[in-house]
Structure formats: C-alpha cells, structure tokens
Amino acid sequence: MIYTSYFARLKDLPPWIVPVSICGKAPVWYQGAQYKKLAPKYDFFMEWKQTHDNDYYVRCFHDQVLAPLDLNTVITEIAHLARLEPQIAVDSQDKGIVLLCYERPEAFCHRHVVADWFTKAGIPVREFTFYKGENHEAY
C-alpha cells in the first residue's frame, strides 16, 4: 500500500512502512530514501508562497512535474528505493511505502496532488492514519 504523511510523524510510523521523501529538500536529520522527481519546482513553489494560489500551484505541478513522468516508472523507482517489488508496494497490506513531505494532513500540500494522480490512475493512495490508546482513536 502507498500512503502519504509528513516528517513530524516519521517516528510514529510502524516499521513495515518504508519512508520516501518527495520534497525538494528533506530535513537534515532525515536519512531515508528520497524521490525528488515528485518534488515541486522551485519557481512555482516560490510564487505560491507569495500568492497562495492553489489552483496555479496544482496546474504548474501537473504540467511541470507530473506530465513528464510515466506512472509505472515512478512506482517501479519508488518501490526500488523502498526495496520492495512494485506489486507488493502497491497491493500489500503488511508492507508499504509512505511518501513524505512537511505539511500537516489538513494543509495544502503537493503530496495530496501526487496521491490524487496515483488514485485517478487506479492506484489508491491515502494519508496514513495514526491511532492512540485501546480505542484506536485517530489523531
């Protein structure tokens, strides 16, 4: 299964999920795999920081980042980074990959655009849900 999450929760992920950063610059302390082909381009990212025009950002992200990529190649390369077979990375319920960046789940973030791209192609990607306590309350 492929998930998304953010660096602040990295330590809370279960050991069966392999983290892969998809941002332009991972935190200096992060020692895991990185897949920069899914990172936003500097120019439109900086424009977005000024304007917070999400439509502009999504359009640029699709045109400049996603459009040149082949989804099957992306899955194969990410699975290779995670040392998993591509089919296992996509379908397994007890092994998985989490695509990481900085933003909290409720914030606008490119990982949600990436997840949508995968999902529209028939590969479900969802935000990893963390649980606490015996009642398994999501937080």
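Quick notes
- When a 1.4 Å probe is rolled over the protein heavy atoms, the share of accessible surface on the chain that falls to carbon and sulfur comes to 52 percent.
- Each Cα pair under 8 Å and six or more residues apart adds its sequence gap; the mean of these over the residue count of the stretch 1-134 is a relative contact order of 43 percent.
- When the Cα gyration tensor is reduced to axis lengths a ≥ b ≥ c, the ratio a/c is 1.5 or higher for the stretch 22-79, and with a/b not above b/c it is classed as oblate.
- For the chain, the Cβ-based charge dipole about the Cα centre amounts to some 360 debye (Lys, Arg positive; Asp, Glu negative; other atoms uncharged).
- Solvent-accessible heavy-atom area per residue, rounded to whole Å², over the stretch 1-136 at 1.4 Å: 58 Å²
- Within the chain, longest stretch clear of exposed trypsin sites (Lys or Arg not before Pro) (DSSP loop, no more than 12 other Cβ within 10 Å): 26-82
- Reachable aspartates and glutamates from LYS25, criterion Cα separation under 20 angstrom, eight or more residues apart if same chain: ASP43, GLU47, GLU77, GLU103
- Given the alternatives (i) 14.9, 46; (ii) 17.4, 52; (iii) 18.3, 70, Rg and Dmax of the Cα atoms in Å as computed for this entry is given by (i).
- Karplus-derived 3J(HN,Hα) values for the stretch 16-30, using 6.51 cos²θ - 1.76 cosθ + 1.60 with θ = phi - 60°, are 7, 9, 9, x, 9, 6, 10, 10, x, 9, 6, x, 4, 7, 6 Hz; glycine and proline are entered as x.
- Restricting the chymotrypsin sites (Phe, Trp or Tyr not before Pro) of the stretch 12-95 to loop positions (DSSP other than H, G, I, E, B) with no more than 14 neighbouring Cβ atoms within 10 Å leaves TRP16, TRP29.
- In order along the stretch 113-118, the Karplus-derived 3J(HN,Hα) couplings, from 6.51 cos²θ - 1.76 cosθ + 1.60 at θ = phi - 60°, round to 5, 4, 4, 5, 4, 4 Hz, and Gly and Pro are given as x.
The values are calculated or read from the model by the stated rules, or taken from the named source; none is laboratory data. Nothing here was measured: the structure is a model prediction, and the numbers come from that model. Neighbour counts run over all protein chains shown; Cβ positions are idealised from the backbone, glycine included. Just so you know, the surface numbers come from the protein's heavy atoms only, side chains and all, with ligands and any DNA or RNA stripped out. Shrake-Rupley method; radii C 1.70, N 1.55, O 1.52, S 1.80 Å.
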